[in-house]
Amino acid sequence: MTTTRTQADVMDDVQVKRSWKLPIVYTLAALLLAFFSFTAKGEVTIRLNDKSQAFEIPDIVLGGAGILWVLLALVALVAVWSIVTTSMRAKSPRWVQTLAMLLAGIATTLAFLIYAGTGSSGVVTLTSTLVSTVAISTPLIFGALSGVVSEHVGVVNIAIEGDLLVGAFAGVMAASFFQTPYAGLVAAPLAGALLGSLLAVFSVRYGVDQIIVGVVLNVLALGLTTFFYGTLMKVSPETLNTNRFSLASLKIPFLAEIPIIGPMLFNQTVLVYLMYATVVFLAVFLYRSRWGLRLRACGEHPKAADTVGINVNRTRSRNTILASAFAGLGGAFFTIGSGLAFTDNISAGNGYIALAAMILGKWHPIGAMSAAVMFGFAQAVARMLPNVAPAIPSDLVSMIPYVVTIIAVAGFVGKSKAPAAENIPYVK
């Protein structure tokens, strides 16, 4: 007698593949926090007040070890949960996994800050650090969104670093020349779009390998900005490279007074507010509009897109230029967005960190933004640490953002699926 097996019976026999990557990471984080908890001695001062707020929030002074033990318990619970579910081959919902990762990451980072400030005369300025996080994340988010758009349309944009660099250069030059920072906000995306047009011409029209073109464009951007910085800006810095015309913070009434999150979200420059709008725009229209459907079709199955009447190469070229304009706008942060003059290689590898954020975010605008904020927080912490714990070597502190990038990409990306037709020229 034969029995017919249902699809559910067959699925029950398929075991979920176990991966011990996350349990190991959580366990190591718990061990690190245990070391912090046992060795911490003294009190820590936490400042939640921001200098821009109208009212005062008193500093919080607590025993550092007590806070660390609480954070250790939280991370230990996440580690135990991860070990149990992995050993039982249980598949948790994605939102549960994301929540566990966020809890462990936030607790570990906060524990690091508390440990550095325990027994020190410095103050852990949490709110100011969060304000810096949003600002520092802005060019990374613009760069990551640039990669999201260009790779969804089938073009690998390694030239994000170059886009940021020319955006920073053109932004401060236009702002200085026209004596208004808003001229820089116009010039920066135009400079990025110009570099993106070169990427589109060589990679889309002539079919040159997109990665090679991107690397060459990065070198070109670095060479041109270095040359013009030395020949034009240094000759007339007050006319072409001054920090006097920078973007001022725009404080949104009432919202900016909300403790902790108010200054972080609602007391920023117009560049940050443009970043908010860009993230929302792409999150909606990339997946809920005809433009987004055509764009993604050219990156996933260009032959099918061509069959229904979409001009694949024209769509790729236009959106590659648009993506580079986003990155160029992000580059303006390094100069007019930060109140700084242009210097050689001012982008300092942030374009490559933006690429890592895009991959870590699985080519989704929200995911890319979240990863970029994580990297921005690492940079903000690195800037705050010398004031909290001066004994920590400065070289070690400057390594923090890049170490976080390596750990995040190597430890949490897993098997990411890029658009199927990226870096594949389309020929009819």
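The values are calculated or read from the model by the stated rules, or taken from the named source; none is laboratory data. In this text the structure is predicted, and so the values were computed from the model without any measurement. Quick reminder, even Gly has a Cβ in these numbers, built from the backbone with ideal geometry, and neighbours come from all protein chains shown. SASA here: full protein model, heavy atoms, side chains in, ligands and nucleic acids out. Shrake-Rupley method; radii C 1.70, N 1.55, O 1.52, S 1.80 Å.
Numbers below:
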{"quantity": "Contact order normalised by residue count of the chain, Cα under 8 Å, 6+ apart, percent", "calculated": "24 percent"}
{"quantity": "Förster radius 45 Å - calculated FRET efficiency between ASN387 and ILE212 (Cβ-Cβ, nearest 0.05)", "calculated": "0.55"}
{"quantity": "MET369 - accessible surface, heavy atoms, 1.4 Å probe, Å² rounded to 10", "calculated": "50 Å²"}
{"quantity": "Gained length - LEU250 relative to LYS417, 0.36 nm times residue gap less alpha-carbon distance", "calculated": "56.2 nm"}
{"quantity": "Nearest-10 value in Å² for the accessible area of ASP344, using the 1.4 Å probe", "calculated": "80 Å²"}
{"quantity": "Region 131-220, Cα convex hull volume normalised per residue, Å³", "calculated": "98 Å³"}
{"quantity": "Sequence-distant residues sharing a close amide H with GLU43 (under 5 Å, placed H)", "calculated": "GLY64, GLY119"}
{"quantity": "Listed peptides 292-299, 346-353 by packing density, highest first (mean Cβ within 10 Å)", "calculated": "346-353, 292-299"}
{"quantity": "FRET E, pair VAL61, ASP395, Förster distance 41 Å, beta-carbon r, rounded to 0.05", "calculated": "0.85"}
{"quantity": "Amide proton proximity set for LEU250, modelled H, under 5 Å, gap of 5+", "calculated": "GLN268, THR269, VAL270"}
{"quantity": "Helical mean residue ellipticity (222 nm; -39500 (n - 2.57) per DSSP H run of 4+; nearest 500) of the chain", "calculated": "-21500 deg cm²/dmol"}
{"quantity": "Antiparallel bridge percentage (DSSP; both residues within the chain; nearest 5)", "calculated": "75 percent"}
{"quantity": "Whole-percent carbon and sulfur share, accessible surface of region 108-266, 1.4 Å", "calculated": "74 percent"}
{"quantity": "Spread of Cα-to-Cα distances over 20 Å intervals beginning at zero, given as percent, for the chain", "calculated": "23, 51, 23, 2, 0"}
{"quantity": "Inter-label distance, nm, simple model (7 Å from Cα along the C-beta direction), ILE366/THR343", "calculated": "3.9 nm"}
{"quantity": "Candidate residues LEU185, LEU103: accessible-area rank, largest first, probe 1.4 Å", "calculated": "LEU103, LEU185"}
{"quantity": "Whole-Hz ³J(HN,Hα) from phi, Karplus 6.51 cos²θ - 1.76 cosθ + 1.60, for region 223-231, glycine and proline x", "calculated": "x, 5, 5, 5, 5, 6, 5, x, 9"}
{"quantity": "Extension gain from THR180 to PHE281, taking 0.36 nm per residue of separation minus the Cα-Cα distance", "calculated": "33.7 nm"}
{"quantity": "Per-residue ³J(HN,Hα) for region 280-296, Karplus 6.51 cos²θ - 1.76 cosθ + 1.60, θ = phi - 60°, Hz, x for Gly and Pro", "calculated": "5, 4, 5, 4, 8, 7, 5, 10, 9, 8, 5, 4, x, 5, 5, 4, 5"}
{"quantity": "Solvent-accessible area per residue, Å², over region 189-331 with all protein chains present [probe radius 1.4 Å]", "calculated": "51 Å²"}
{"quantity": "Surface accessible to a 1.4 Å probe, HIS301 within the full protein complex, Å²", "calculated": "110 Å²"}
{"quantity": "Karplus-derived 3J(HN,Hα), 6.51/-1.76/1.60, for each residue of region 112-129, Hz, glycine and proline x", "calculated": "4, 5, 5, 5, 5, x, 6, x, 9, 7, x, 10, 7, 8, 5, 5, 5, 5"}
